[in-house]
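Below is one structure, written out as structure tokens; the observations come after it.
All of the numbers you see were taken from the coordinates with simple rules; none came from a lab. Quantities reported herein were computed from a predicted structural model and do not represent experimental measurements. With ideal geometry, Cβ positions are generated from the backbone for all residues, glycine too; neighbour counts draw on all protein chains shown.
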Amino acid sequence: YVVDDTINLIPGETLFIEASINEKKLYNFKIVKEIKNPDKTITIKFSQPNTAKKEPGMMMSIDNPFKNSYRYKLTIMPFGKNRLFNTSSCPVFAGKSVFESWPYPLTRVLLSEFILIDDSNDLVCKKW
């Protein structure tokens, strides 16, 4: 679900999020059932790809349909914990996708504060 431009995902979810863009950020997020406007729809998938392992990890993919690169704040809730933790996130370059992964199970991830970045700097994965 989306509240105040914060995206909340649980394992197994794939969300299509239509977003507006200005010179500084992405905003006005709206979940849609299908992609009707590919030039402004972000696809986010959050999964547990290998449940056969003793402690299976998690994977999240997020794409960028825009002509500008962006980064976002990423917060996670590990399985068995009752609080959220800030973690690093990687920039999502214009027209590309990025994959985030964790070697342990998570019960949710939150993505917020989507800001536009210049491709000539701010290119590393980092924590907010």
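Annotations
- Extension gain, Lys96 back to Trp128 (0.36 nm per residue minus Cα-Cα distance, nm): 9.4 nm
- Mean Cα-pair separation over length for the chain, i.e. relative contact order, pairs under 8 Å, 6 or more apart, %: 27 percent
- The chain - charge dipole about Cα centre, Lys and Arg +1 at Cβ, Asp and Glu -1, debye rounded to 20: 360 debye
- Of the residues Val124, Tyr72, Phe85, the one whose Cα sits farthest towards the positive end of the charge dipole of the chain is Phe85 (charges of +1 on Lys and Arg Cβ, -1 on Asp and Glu Cβ, taken about the Cα centre).
- Along the chain, counting only GluC sites (Glu not before Pro) with a DSSP assignment other than H, G, I, E or B and at most 12 other Cβ atoms inside a 10 Å radius, the longest segment between sites is 35-128.
- Environment charge of Ser112, counting only residues whose C-beta is closer than 12 Å and scoring Lys/Arg +1, Asp/Glu -1: 0
- This model, with +1 at the C-beta of Lys and Arg and -1 at the C-beta of Asp and Glu, gives region 4-56 a dipole about its Cα centre of some 160 debye.
- FRET efficiency, 1/(1 + (r/R0)^6) with R0 35 Å, evaluated for Thr14 and Asn86 via beta carbons: 0.90
- The distance linking region 89-128 with region 1-60 is 12 Å (Cα centroid to Cα centroid, whole angstrom).
- Just checking the listed ones, Arg71, Arg83, Arg108: in the Gaussian network model of the chain with Cα springs under 10 Å, the one fluctuating most is Arg83.
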